[in-house]
1. If you take the residues in segment 197-214 that are touching a helix residue (DSSP H, G or I) at 6+ places or on another chain (Cβ under 8 Å) and part of a loop (DSSP other than H, G, I, E, B), which one is most open to solvent (accessible area, probe 1.4 Å)?
2. Which members of segment 78-124 meet the condition of being closer than 21 Å to His47 by Cα and either of a type in the set (Phe, Trp, Tyr) or not in a helix (DSSP H, G or I) (or both)?
3. Closer than 24 Å to Arg313 by Cα and free of Cβ contacts under 8 Å to residues at least 60 places away in the same chain: does that describe Lys147?
4. Could you grab the pairs with beta carbons closer than 6 Å, sequence gap of 6+ or different chains, first residue in segment 160-181 and under 13 Å from Leu299 (Cβ atoms), second one open to solvent by less than 80 Å² (accessible area, probe 1.4 Å) and in a loop (DSSP other than H, G, I, E, B)?
5. Could you list, ordered by first residue, the pairs with Cβ atoms under 6 Å in which the first is in segment 232-261 and within 30 Å of Leu66 (Cα to Cα) and the second is away from ligand 2 (no atom under 16 Å from the Cβ) and open to solvent by 20 Å² or more (accessible area, probe 1.4 Å), at least 6 apart or interchain?
6. Out of segment 125-177, which residues are under 22 Å from Glu114 (Cβ atoms) and outside any loop (DSSP other than H, G, I, E, B)?
7. Mind listing whichever residues of segment 225-272 are in a helix (DSSP H, G or I) and open to solvent by 20 Å² or more (accessible area, probe 1.4 Å)?
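The values are calculated or read from the model by the stated rules, or taken from the named source; none is laboratory data. None of these values were measured; they are calculated from a predicted model. Glycine also receives a Cβ, built like all others from the backbone with ideal geometry; neighbour counts cover every protein chain displayed. The area values use the complete protein model at the heavy-atom level, side chains included, leaving out ligands, DNA and RNA. Shrake-Rupley method; radii C 1.70, N 1.55, O 1.52, S 1.80 Å.
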Amino acid sequence: MKNKIRNLLVLFNDQIAFPIKQNENFDKKQDYILFIEPAEFFFKSNHHKKKLVFILSSFRNYAEGLKKENYNILYEKIEDNVQRDTINIICDKYLKEYHIEKLTFIEPSDYDLEQNIKKIKHEKEILIDNSFYCNKLEFKKWAEAQKNILMENFYRYLRKKHNILIENNKTTGGKWNFDSMNRESINKKTMIKKQNLYFLENNFIKKIIKVVDTFFKDNIGNTSNYNFGYTKKDAKLRINYFFKNHLKEFGKFQDAMVEENEYINHSIISMYLNNGLLKPKDVIDSSIDFAKKNQDIPLNSLEGFIRQILGWREFIRGIYWLKMPNYKESNFFSFNKKIPGFYWDYKTNMNCIKQSVKNTIDNSYAHHIQRLMILGNFALLAHIDPKEVQDWFLCVYADAYEWVEMPNVIGMALFADGGVFSTKPYIASGNYINKMSNYCQNCIYNQKTKIEEDSCPFNYLYWNFLIKNQKELKNNPRLFFPYNNLAKMKEIDLIKIQKNSTKFLEEIS
Ligand code: FAD
Ligand code: SF4
C-alpha cells in the first residue's frame, strides 16, 4: 500500500517567499512539501561556489525550520542527484512511491524549468508567483498597449497603481525621477564609509561549504571568507544596516566606482530578493517608513532605490517572460568572439577590468555600474558573442538567475536584442570611466589618448565599434553626436584606431 498524499507542494530553491502558512489550500496535517534543488538550475551554469553556498544554505535552513514546525517535508538534495535528473524524473519517482492526488507548483522563475513542469502528466496546479508587484500577464497587457516598451513608463504605471511616493495624487517632490542628481562622480576628497556587516560561518554553513567544495569543486570562485546570511532574519539585518548607514548617500554615488571600496553605498540585497529571503514589497515599504522617521534621507536616494526594485527589477522580469524563448538567441550585431581569459583570472593591465573582475570572483558580487559600464561595456566594444557573455554573468554572481541576468545582458549591456527596451547601446570610452571612478589613476594605459601604443583600450575600441557597426547604428538619432564627431576625424587617426583595435583584440583572443 502506497502512502497517500492529498497535495504535494513542490518548492524550488528560489521560492522561499511563497507564503505557505497563509495558504488556505495547504493543510499542514495531510499535505507535504517537496523541496527540490533542481538540476535544471544547478547544472545550467558553472555557478560561483559562494553563490551555491548561499542558495543551498538558505533553502535547506528554510526546510529545517518548517520541519521543526511539524510540516511534512521531503527533500531532494543536489548532491544526491548524480544522474542530474530533471524535475520530471524526480516527480515520477515520487508519483511511483506515493499515492499523490495533486501536485502543486508555484510558477518557476526559469523558462526551461517551466517547460519541464508543463510536461508532467499528472493532476497538477501551477500557482502564480505573487512575490512580484506585477505578474506575467499584467506585464504582457501593459507592454502590448505601449508604442515603445520603456522602463520609465512601466515604473510610473506601478507607482500610480500601488500608490508609492504619491501624495494627494501628485508625485512626492513634484517629479517622477531624480536620476540627474544620482550621477555624482568621486574626487580625491570623497569619503565613502566602507560597508561593515558580515555574517560569520557557523557549523551549518561549514557543512554546506563542504558539500560545495566536494560536489562542485571545479566551479568558479572559492568558499573562503564566506559572509552571506542565510535566514530571513539575516536578510532583514542586511537591509536595515543599509538603511541606517548607506541609504542617505545611495543616490549621490549610485554610478560611482572606487578601487578600495567595492560596495560603495549599494544595498547588497539582490541575492536575498531573488531567492525570497526578502520580499520587494517589504523592502520598499520599510524604505519609505525609514525615510519618514529619518528626515535626513534625501528624496533622490529614496526614489532612486525604489526605482531599482519597483522599476528595473519588475521590468526586467516582464521582458524575460515576454520575449522567451527566442530572446536567449539574440545577436543583433552577429558577434562571435570568445570571452577573454581575464574575465576569469583578472590577468589584465586594464585596471578597471581587473578591479571589477577581482570583486566578482572574490565576492560573487559587483555593483551595477561595474557590471554595465565596465564588464558589459567592454564585452560589447570587444565584439564578444552574447551567449558567452550571458554564460559568464549567469555563473559568477550570487544574485544571477536567468530571468534577471539575461535581459540585463542581452538588452541592457549588449544591445544584442537590437533595442527591445534600450534606445541605444550603453557604450563608453575611458572618459566616462575616468569621470566616475579612480581606476585610471592606477592604470598603465593613458586614458587621455586613443591612437598611441599605450592608449586606453576603451578609447580606441569605442571608436572602432562605431566604425565597424555603422550599418546597424548610424541612423540611430541618439548616436548623432558620436557619428558626427567620427565624421570629423582625420583619416590617419581612423586607421590608427582600427589598427590598435585589431591588434588588441587579436592579443586577447
Ligand atoms: P542596488 O544598487 O542596491 O539596487 C537595489 C536593488 O535593485 C537590487 O538589489 C536589485 O534587486 C534591483 N535592481 C537594480 N537594478 C536592477 C536591474 N537592472 N535588474 C534587476 N534588478 C535590479 N541583478 C540581479 O539581481 N541578478 C543578475 O543576474 C543581474 N545581472 C546583471 C547583469 C548586467 C550586465 C547588469 C548591467 C545588471 C545586472 N543585474 C542583475 C542588475 C544589478 O546590477 C544588480 O541587481 C545589483 O548590482 C545588485 O546589487 P545591489 O543589491 O547592491 O543593488
Ligand atoms: Fe580602464 Fe582605460 Fe582607465 Fe585603464 S585607463 S582604468 S583601461 S578606462
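1. Let us first name the residues in segment 197-214 that are touching a helix residue (DSSP H, G or I) at 6+ places or on another chain (Cβ under 8 Å), namely 197, 199, 201, 204-205, 208-209, 211-214.
Within this subset, residues satisfying the condition of being part of a loop (DSSP other than H, G, I, E, B) are 197, 199, 201.
Numbers: Leu197: 42, Phe199: 24, Glu201: 75 Å².
Residue satisfying both the conditions and the ranking: Glu201.
2. Scanning segment 78-124 gives Asn81, Val82, Gln83, Arg84, Asp85, Thr86, Pro108, Ser109, Asp110, Tyr111.
3. Working: closer than 24 Å to Arg313 by Cα: yes; free of Cβ contacts under 8 Å to residues at least 60 places away in the same chain: yes.
Judged against the criteria, Lys147 is a match.
4. Thr172/Leu165
5. These pairs meet every condition: Asp234/Phe199; Tyr241/Leu197; Phe243/Phe290.
6. Glu125, Ile126, Leu127, Lys136, Leu137, Glu138, Phe139, Lys140, Lys141, Trp142, Ala143, Glu144
7. Answer for segment 225-272, where residues must be in a helix (DSSP H, G or I) and open to solvent by 20 Å² or more (accessible area, probe 1.4 Å): Lys232, Lys233, Asp234, Lys236, Leu237, Asn240, Tyr241, Lys244, Asn245, Ser270.
Here is a yes/no grid of residues against (1) at pLDDT 95 or above; (2) open to solvent by less than 40 Å² (accessible area, probe 1.4 Å); (3) under 20 Å from Gly174 (Cα atoms):
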position	(1), (2), (3)
Pro298	yes, no, yes
Trp312	yes, no, no
Asn326	yes, no, no
Asn331	yes, no, no
Ile339	yes, yes, no
